[in-house]
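The values are calculated or read from the model by the stated rules, or taken from the named source; none is laboratory data. Note that this is a predicted model, so its numbers are computed, not measured. Here Cβ is always computed from backbone atoms with ideal geometry, including for glycine, and neighbour counts include all displayed protein chains.
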Amino acid sequence: MGIEEQVMLFITTIVPIFIVSIILYLIRILKGPTVPDMVIAIDAISYDIAVFLAVLAIYFKSPILISCVIVFVLWAYALDVYVAKYLESKEIGE
Amino acid sequence: MINEILIIIGEVLIAIGAICDLIAAIGMNRFPNFFVRLHALTVGAIGGAFVPLIGVTLLSLGAEFLGVYRFFMAGASIVSAILLLFLAPVGSHAIARAAHRSKAAIVYPKVIDRLEEDRERGVIT
Amino acid sequence: MEVEPFLFNIVVLSLFVNIAMSLYGVFVRPSLIKKIISLTIFSDTINTLVIVVGFRHAIPNPIPPVVIEIPPPPQYLRQFVLQAVDPLPQALVLTAIVIGLAVLLFLMFTTLQIYRIYGTTDVRKISRLRG
Amino acid sequence: MMLHYILMALSALLSISVVYLAIVERDLIKAAIFSAVQSALYAFLYYLLMAPDIFLTYIPVGVGLYTALILILIKKTERYEGE
């Protein structure tokens with residue numbers, strides 16, 4: 001067994017764990033009793049999906065797809081700052 | 001020889017990250033209130049995203065079947081890992097501070113809250 | 001070879017269900033802000049349908065339409081034509097997303113003026129008022 | 001090979017539940033947050049449909065700017081629907 005088949009077998013084994021954790025985070029988003037609970041669950045699901053995209057870029061053998069990860073990590077935390085500014089009851093942008 | 005060693009180290013780091021993600025997801029569903037769930041978010045951000053991105057860097061440095069662009073892949077993934085290490089605590093701290101100041105999250109199993117007492121007495125703002 | 005068209009049909013039918021629900025939100029829900037949220041979901045779903053048109057089934061897997069070997073040898077170009085997806089719908093959708101953002105800004109400004117004049121964002125109350 | 005189509009179907013099916021909750025929710029802030037989750041799932045679908053340029057445009061617009069503009073609008077008007 002070559003090194004390529006071994007990496008592909010490893011990624012095929014590891015993918016269901018990511019899918020199960022994404023679905024568990026999504027259950028917390030759908031249930032969440034207050035607004036900050038939903039926001040931190042969205043943070044966690046964003047970082048999880050970012051790692052999942054990086055692993056899938058190896059699986060599809062297309063290295064150009066890795067540039068999506070930088071944008072996703074860079075914009076995932078913006079929702080935190082907006083909701084925090086809203087909850088502190090000040091104007092956004094001052 | 002060096003390529004196989006890099007690939008094995010990368011696979012071990014990705015496996016650690018996946019298991020940390022599963023633990024963080026279970027904790028996010030079972031913990032009782034907002035301020036306890038922040039601990040699960042920390043496990044999911046550092047153990048579940050920073051460590052496997054370093055693993056992707058090492059694996060793509062060693063994988064020769066990806067072509068010449070594997071160096072681009074390694075550079076992009078390590079840059080995103082460092083960005084995540086800086087940006088994830090900023091967001092979680094901002095949302096925790098706002099939730100405690102505006103009383104948007106209910107703290108149900110609570111023993112004592114020194115910060116709120118100090119704020120009511122006017123010691124800190 | 002039987003399972004993959006079934007899964008792809010699930011994707012298309014899910015997008016149709018999303019279109020139906022967002023049209024319900026635009027026509028029935030009373031709040032103007034809920035209408036704006038439904039309209040953004042509607043335009044995003046239409047953009048996704050346009051991209052689904054350009055997707056191709058390729059062996060072993062499709063690749064993005066970017067040539068990553070310079071200068072490309074003829075064997076690589078043949079493999080690229082066999083595997084790459086269609087880049088024309090992606091170029092169209094890229095413009096549609098930005099125009100959607102501009103339309104959202106205009107609708108937001110109009111809603112803000114309505115709230116300043118009438119004092120509400122409920123369309124049932126606005127239609128009952130005069131002047 | 002099969003994994004590609006399984007992930008596409010899963011992402012589209014999960015987006016149905018989020019869109020339903022975003023339409024029927026009466027608290028408008030929660031509706032805006034569900035809209036952000038729908039943007040993330042659609043971005044994952046764009047990635048699987050092999051359109052990385054759409055991904056690079058749609059993430060700042062869908063997750064960043066749409067949510068920020070709707071939150072500013074709710075801040076200046078009212079939070080609950082139909083009262």
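For the reader, a short list of remarks on this structure follows.
- Of everything listed in (1) in contact with a Ser or Thr (Cβ under 6 Å, 6 or more places away or on another chain); (2) more than 9 Å from chain C (Cβ to nearest Cβ); (3) modelled with pLDDT of 90 or more, the single unmet condition for D:V63 is (3).
- Selection within the range A:1-18 - more than 7 Å from chain B (Cβ to nearest Cβ) and surrounded by 13 or more Cβ atoms within 10 Å (Cβ to Cβ): A:Q6, A:M8, A:I11, A:V15
- Unmet criterion (only one of (1) modelled with pLDDT under 90; (2) at the interface with chain B (Cβ under 7 Å from one of its Cβ atoms); (3) closer than 30 Å to B:L59 by Cα) for A:F60: (2)
- Filtered residues of the range A:23-56 (kept if more than 7 Å from chain B (Cβ to nearest Cβ) and either closer than 27 Å to B:N3 by Cα or surrounded by 21 or more Cβ atoms within 10 Å (Cβ to Cβ) (or both)): A:I29, A:M38, A:I42, A:I45, A:S46, A:I49, A:F52, A:L53, A:L56
- When residues of the range C:30-58 are limited to those that are within 7 Å of another protein chain (Cβ to nearest Cβ) and among the charged types (D, E, K, R), the one farthest from the chain's Cα centre (by Cα): C:K34
- Reported count of residues in the range C:102-131, each being part of a helix (DSSP H, G or I) and on the phi > 0 side of the Ramachandran plot, is 0.
- In this structure, B:A98 does satisfy being at the interface with chain A (Cβ under 9 Å from one of its Cβ atoms), at pLDDT below 90 and within 27 Å of A:D48 (Cα to Cα).
- The one condition in (1) buried (at least 23 other Cβ atoms within 10 Å of the Cβ); (2) of a type outside the set (A, V, I, L, M, F, W, C); (3) more than 9 Å from chain C (Cβ to nearest Cβ) that D:R79 fails to fulfil: (1)
- All conditions but one from (1) surrounded by 21 or more Cβ atoms within 10 Å (Cβ to Cβ); (2) under 19 Å from the mean Cα position of the chain (by Cα) apply to A:S62; the one that does not is (2).
- In this entry, D:Y20 is excluded by the filter for residues that are under 18 Å from C:N18 (Cα atoms) and buried (at least 23 other Cβ atoms within 10 Å of the Cβ).
- The helices (runs of 4 or more DSSP H) found entirely in the range C:1-91 that carry 3 or more residues being touching a residue at least 24 places away in the same chain (Cβ under 8 Å) are C:3-28, C:32-53.
So that you can scan it fast, the table gives a plain yes or no per residue for (1) touching a helix residue (DSSP H, G or I) at 6+ places or on another chain (Cβ under 9 Å); (2) closer than 23 Å to C:V67 by Cα; (3) not aromatic (F, W, Y):
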position: B:V36; (1), (2), (3): yes, no, yes
position: B:H39; (1), (2), (3): yes, no, yes
position: B:G44; (1), (2), (3): yes, no, yes
position: B:V51; (1), (2), (3): yes, no, yes
position: B:I54; (1), (2), (3): yes, no, yes
position: B:F72; (1), (2), (3): yes, yes, no
position: B:A76; (1), (2), (3): yes, yes, yes
position: B:V79; (1), (2), (3): yes, no, yes
position: B:P89; (1), (2), (3): yes, no, yes
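- Residues being crowded, with 21+ Cβ neighbours inside 10 Å, within 7 Å of chain B (Cβ to nearest Cβ), under 20 Å from D:G62 (Cβ atoms) and modelled with pLDDT of 85 or more - total across the range A:65-83: 4
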